[in-house]
Amino acid sequence: MKTDHVFVFQAADDLSFLADDSVDLVVTSPPYPMIEMWDTQFADRNPQIADKISGGDGRRAFELMHVQLDQVWHECARVVRDGGFVCVNIGDATRKVGENFRLYTNHSRITISLERLGFQSLPAIIWRKQTNAPNKFMGSGMLPSGAYVTLEHEYILVFRMGDKRVFKGNERQHRQRSAFFWEERNVWFSDLWDFKGTRQTLPNSDARQRSGAYPFELAFRLINMYSQQADTVLDPFAGTGTTAIAAIASGRNSVNVEIDSELSGVINDTMRTASEGINNRQLLRCEHHLQFIQRFEEDKGRSLAYTNEPHGFRVMTKQERFLTLLAVEQIKKSGESRYETVHKTLGPATPVSTPVHGVELVSPNQDQLSFGL
Ligand SMILES: C[S@@+](CC[C@H](N)C(=O)[O-])C[C@H]1O[C@@H](n2cnc3c(N)ncnc32)[C@H](O)[C@@H]1O
C-alpha cells in the first residue's frame, strides 16, 4: 500500500488546488488569536491588528484575527466531503491589553464560525496540559478578588460536515482494517486527554524560535478516530508537519498547507528520519495490546473471544478481527515538497515484555516520540 503526502507553502485562505469534497478529515491547530507569539503573523497580513492592540482595543484585535482564520474555515467547508470531520486544537488566551485583563475565548469564536459554515458540533475533548511553573498563578495572590484561574487546558473541537459517512465499495474493507483496539477506544474516546505538550524550539531557524507544534499522539489519535486507511487528511496550518507524520503512521494520504516556507527544511529533515519513530509507535501499540491480553486473561481466567486475522493475537471484540497495524517500509521524496510512503503490515507480534527496539514502555498518554525535531 502507498500513500502520498504533499506540502504547499502558501496561505490556506485559498485552497483552489483542492477539489470540492476531496478531503475526509481536517486535523489542525491555527495560530492562536491573542497569544503574543502569533501577533506579528496576524498583523503582517492586516496592520490594523497592531494598531488595535497598541491602542488598547483587544476585543477588536481578537475579532480581526478570527476574520483571517474564517477564510480558512470557509475553504475547509468547501473541500471536506459529506460525513467528513474537522478537528481543531485551540487554546483560549488570557491577556492584558491597555489596562484591561481578560479571557479571549478562541474556542467559542471558532465554534460559532464553523457552525455558520454548516458544520455540526460533536463532543469536544479537553486536552489538559498541566504546568508546574512556580509563577503560574496570576493576579492578587491570596487576597480576593483579583486573582485569575490558570489556564492549563486546550480544546480539541470536533465537527462533522453533513450526515454520517456512508461507506461504499472498498471503503468498507479499509474501514475494517482501520479498527482500533477496544482498550484504545476506552482512552481515546474520553473527553479528557492528559499528556504533555511537545518540544517547541525550532532548530537553526532565524525567523522563528518556536514552532507551536502539537504532540504526535494528538494527531495520531484523531486521525485513527475520525478517518480510515487510504483517506485524505488536510492540515491547513501544517507548521512542522506533525499531522503528515501521524497520517503516514496511520496509512492515510495528507495535504499540508503552511504559510511559512522557512519551515520546509525542518519538514524535510523530519520526513527523512520519521520511519523509525513511526514504526516504534506501532510496535508499542502492539506491545501494549499484548500486555492488555495478558492482564485480562490472568484477571478473568479466560481467553479473549476473538482472534485478529492479520496479526494472530486475540482481541476483545468482533470489530477488531481485521485491525491491521501498519509499518513504514520507505518514505521517499517524489517531488519538490512531496513524499511517497510505502506501507506494509507490521511484522509478527513481539512477545510480552520484549524490549521494543529500545523504546521505553510507557503509557501512550506519556509518549514523547521524537521525529528529528
Ligand atoms: C499552531 S502552528 C501549527 C503547528 C503544527 N500543528 C505542528 O505540529 O507543527 C500554526 C501554523 O500556521 C501557520 N499559518 C498561520 N497563518 C496561516 C495561513 N493563513 N495559512 C497557512 N498557514 C498559516 C503558521 O506559520 C504556523 O506554522
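Might you check whether a residue that is within 15 Å of the ligand (Cβ to nearest atom), modelled with pLDDT of 95 or more, part of a helix (DSSP H, G or I) and buried (at least 19 other Cβ atoms within 10 Å of the Cβ) occurs anywhere in the range 148-163? Before you say what the answer is, go through the steps one by one.
Narrowing the range 148-163 to residues within 15 Å of the ligand (Cβ to nearest atom): 154-157.
Add one more test, that the residue is modelled with pLDDT of 95 or more, and what stays is 154-157.
Remaining after also requiring part of a helix (DSSP H, G or I): none.
Checked against the condition, which is being within 15 Å of the ligand (Cβ to nearest atom), modelled with pLDDT of 95 or more, part of a helix (DSSP H, G or I) and buried (at least 19 other Cβ atoms within 10 Å of the Cβ), the range 148-163 yields no hits at all.
Test of understanding: among PHE237, PHE216, which residue is within 7 Å of the ligand (Cβ to nearest atom) and aromatic (Phe, Trp, Tyr)?
Values: PHE216 fails: within 7 Å of the ligand (Cβ to nearest atom).
Being within 7 Å of the ligand (Cβ to nearest atom) and aromatic (Phe, Trp, Tyr) holds for just one of PHE237, PHE216, which is PHE237.
Does any residue of the range 218-235 turn out to be over 26 Å from HIS288 (Cα atoms), out of contact with any Lys or Arg (no Cβ under 8 Å at 6 or more places or on another chain) and in contact (Cβ under 8 Å) with a residue 60 or more places away in the chain?
Scanning the range 218-235, I find at least one residue that is over 26 Å from HIS288 (Cα atoms), out of contact with any Lys or Arg (no Cβ under 8 Å at 6 or more places or on another chain) and in contact (Cβ under 8 Å) with a residue 60 or more places away in the chain, so the answer is yes.
Run PHE296 past the list (1) surrounded by fewer than 18 Cβ atoms within 10 Å (Cβ to Cβ); (2) farther than 20 Å from THR28 by Cα; (3) in contact (Cβ under 8 Å) with a residue 24 or more places away in the chain and report the number of the one that doesn't hold.
Every condition holds for PHE296 apart from (3).
Condition check: buried (at least 21 other Cβ atoms within 10 Å of the Cβ), within 11 Å of the ligand (Cβ to nearest atom) and not small (Gly, Ala, Ser). Does VAL255 satisfy that? Lay out the reasoning, then the answer.
Values: buried (at least 21 other Cβ atoms within 10 Å of the Cβ): yes; within 11 Å of the ligand (Cβ to nearest atom): no; not small (Gly, Ala, Ser): yes.
It is false that VAL255 is buried (at least 21 other Cβ atoms within 10 Å of the Cβ), within 11 Å of the ligand (Cβ to nearest atom) and not small (Gly, Ala, Ser).
Has the range 104-127 got at least one residue that is outside any helix (DSSP H, G or I) and of a type in the set (Lys, Arg)? Walk me through it before giving the result.
Keep residues of the range 104-127 that are outside any helix (DSSP H, G or I), which gives 104-105, 117-127.
Then keep just the ones that are of a type in the set (Lys, Arg); that gives none.
No, every residue in the range 104-127 fails to be outside any helix (DSSP H, G or I) and of a type in the set (Lys, Arg).
For the range 229-276, enumerate the residues that are among the aliphatic types (A, V, I, L, M) and more than 30 Å from PHE322 (Cα to Cα). Spell out the reasoning first.
Here is the first cut: in the range 229-276, the residues among the aliphatic types (A, V, I, L, M) are 230, 233-234, 238, 244-249, 255, 257, 259, 263, 266-267, 271, 274.
Correct list: ALA238, VAL257, ILE259, LEU263, VAL266, ILE267.
Can you tell me which of (1) within 16 Å of the ligand (Cβ to nearest atom); (2) under 26 Å from PHE313 (Cα atoms) is the one ARG172 doesn't meet?
Answer for ARG172: the failing condition is (1).
Have a look at ALA179, ALA244 and point out the one that is under 22 Å from ARG78 (Cα atoms) and either within 14 Å of the ligand (Cβ to nearest atom) or in the same structural domain as ALA19 (by TED's automatic domain parsing) (or both).
Values: ALA179 fails: under 22 Å from ARG78 (Cα atoms).
The match here is ALA244.
Scan ILE267, ILE293, ILE278 and give me the residue that is at pLDDT 95 or above, within 16 Å of SER250 (Cβ to Cβ) and not hydroxyl-bearing (Ser, Thr, Tyr).
On the way: ILE267 fails: within 16 Å of SER250 (Cβ to Cβ); ILE293 fails: within 16 Å of SER250 (Cβ to Cβ).
Residue meeting the stated conditions: ILE278.
Considering each residue of the range 167-193, count those that are without any contact (Cβ under 8 Å) to a residue 24 or more places away in the chain and touching a Leu at 6+ places or on another chain (Cβ under 6 Å), and give that number.
Going through the range 167-193 one residue at a time, the tally reaches 0.
Take VAL328 and tell me if it is within 18 Å of ILE245 (Cβ to Cβ), β-branched (Val, Ile, Thr) and either in a strand (DSSP E or B) or modelled with pLDDT under 95 (or both).
Details: within 18 Å of ILE245 (Cβ to Cβ): yes; β-branched (Val, Ile, Thr): yes; either in a strand (DSSP E or B) or modelled with pLDDT under 95 (or both): yes.
Against the criterion (within 18 Å of ILE245 (Cβ to Cβ), β-branched (Val, Ile, Thr) and either in a strand (DSSP E or B) or modelled with pLDDT under 95 (or both)), VAL328 qualifies.
The values are calculated or read from the model by the stated rules, or taken from the named source; none is laboratory data. For clarity, every value in this text was computed on a predicted model and none was experimentally measured. Using ideal geometry, Cβ is built from the backbone for each residue, glycine included, and neighbour counts are taken over all protein chains shown.
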